[in-house]
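Note sheet for the following structure.
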Amino acid sequence: MQTAFSQLSSFARDLGADRVSGQVAAVTGLTLTVSGLERALGIGQRCRVHGARGDGVLGEVVGIDARGTHVLPFGTWHGIAVGDRVDLAPGGDMLRPDQGWIGRVVDALGRPLDRKGPLHDGPAARPVRAQPPAAFDRRRVGARLETGVRAFDVFTPLCRGQRMGVFAGSGVGKTSLMAMLARNADADVIVIGLVGERGREVQDFIEGDLGPEGMARSVLVVATGDEPPLMRRQAAWTATAVAEHFRDAGLQVLLLIDSVTRFAMAQREIGLSGGEPPTTKGYPPTVFAELPQLLERAGPGPEGAGDITGLFTVLVEGGDMNEPVADTVRGIMDGHVVLDRRIAEQGRYPAVNLQASLSRMLPDCHSQAEYTILQAARRTLSKYADMEELIRIGAYRPGSDPETDAAIRFYRPADAFLTQRKHETSSAATSFAELGRLLDAAGVELPG
């Protein structure tokens, strides 16, 4: 009897939208309750609610209980009334990326936004929400990926298949840094997910920051801050699915998602609307379950495939690096770069705090000579940071300590070396040669 009932349930799920229908029982805030589809709709499946407006509203199931099936919209429930028809939405969360998507801007559902005509669908559909590759199916992280950004290539190197977090407050230069990486990084395809971005900044990013040379090898997935939480969450998943398509085609992919924090905020809205209890700082438990599911999808590919090198920005609220989302992401990443507002206010961009940033790929991704230069530069800059207050107020007397004297001579040239305009690029070899010259000019002794 139980087997027959299970088969009947599976059959109901597979019926077409024209065979199974329910109706709206209630609408409370963002949550719409459907009756009549309890055995046909499962968590994460989609349906279409037909109200007075044309094609209806696409929704996704976020909860099921004795009252019915609870659905959130990819749009708005405006105009939907109790008794309106609800149908299963065929196709689900499948996507068909293709080579023709490069150079295009799409929304979270994979629909074109750039008014350049329809997208060419690839031959194979892939799920937007996929499982990360199994640990033993992955290759090891590959060689260093040159980014053209001196602070990255020297101090926090990024390797093929590595995942790096960029932690910063608002207005400290995360988006400009992403554009620099998209234009200059040594990758075949760039996939950029703008999650919860300000609407007015999308065109600025495409035309001003990214430019034609960056857009020519990029796929942009955009969900602005005014869109529903399902769309904002979906944008991160869609960008990752597109990156997986190009990885499976054997290409080296750089995946940039801005920002993971807004993805977590969208999941918080979804979870709370579905009845989850708020836990750490108001975030429900699913937020901390979804973060590794998203971030682990980036990384080295299996044999015969390419890699997804992931760079994920984290909007640090109030500069608190230990707030729940930042703390969770930092534990998953293979390194982190901290952008410091104080450094930005001094006019140095990218405003990377070198003392607070690290790459877990060191020292293996540098040659011995490069790592020696890095060690000397870090030690000298750290010495200056320790003595900075005394130097500024004039309490340090030159000649008292040779290491501090060398750090003072090195600091200003190093600060100029780390300052880089948006459209400026530099190879890793050139960067190490220049930094070595600055250390020598300042009288800094190399270790070993």
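The values are calculated or read from the model by the stated rules, or taken from the named source; none is laboratory data. Please read these numbers as outputs of a predicted model, since none were measured by experiment. Positions of Cβ are generated from backbone atoms using ideal geometry, with glycine treated the same way; all protein chains shown enter the neighbour counts. Accessible surface areas use protein heavy atoms only, side chains included; no ligands, DNA or RNA. Shrake-Rupley method; radii C 1.70, N 1.55, O 1.52, S 1.80 Å.
General observations
- Taken over segment 289-315, the residue count meeting the criterion of being out of contact with any helix residue (DSSP H, G or I) (no Cβ under 6 Å at 6 or more places or on another chain) and over 18 Å from Q162 (Cα atoms) is 1.
Here's the yes/no breakdown for (1) in contact with a Leu (Cβ under 7 Å, 6 or more places away or on another chain); (2) surrounded by fewer than 20 Cβ atoms within 10 Å (Cβ to Cβ); (3) not assigned by the TED database to the domain that holds M164:
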{"position": "V287", "(1), (2), (3)": "no, no, no"}
{"position": "Q293", "(1), (2), (3)": "no, yes, no"}
{"position": "V314", "(1), (2), (3)": "no, no, no"}
{"position": "V329", "(1), (2), (3)": "yes, no, no"}
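- Enumeration of residues in segment 391-448 that are loosely packed, with under 14 Cβ neighbours inside 10 Å, in a helix (DSSP H, G or I) and of a type in the set (A, V, I, L, M, F, W, C): A416, A429, A433, A441
- Of the criteria (1) more than 18 Å from the chain's Cα centre (by Cα); (2) more than 29 Å from T425 (Cα to Cα), which one A289 fails: (1)
- As for segment 357-366, it holds at least one residue that is assigned to a loop (DSSP other than H, G, I, E, B), aliphatic (A, V, I, L, M) and under 22 Å from E445 (Cβ atoms).
- Taking every residue in segment 255-279 that is closer than 30 Å to G214 by Cβ and pairing it with any residue that is among the β-branched types (V, I, T) and open to solvent by 10 Å² or more (accessible area, probe 1.4 Å), at least 6 positions away or on another chain, the pairs with Cβ-Cβ distances below 7 Å are D258/T175; Q267/T286.
- Residue that is most open to solvent (accessible area, probe 1.4 Å), among those in segment 208-231 that are among the acidic types (D, E) and closer than 14 Å to E197 by Cα: D226
- Hits in segment 20-70 - residues which are in contact (Cβ under 8 Å) with a residue 60 or more places away in the chain and not in a strand (DSSP E or B): V20, G29, L30, G44
- When V106, V166 are checked against the criterion of being in the same structural domain as L194 (by the TED database), assigned to a strand (DSSP E or B) and over 30 Å from E370 (Cα atoms), V106 stands alone in meeting it.
- Looking across segment 316-347 at every residue that is small (G, A, S) and modelled with pLDDT of 90 or more, the one that is farthest from R160 (Cα to Cα) is identified as A344.
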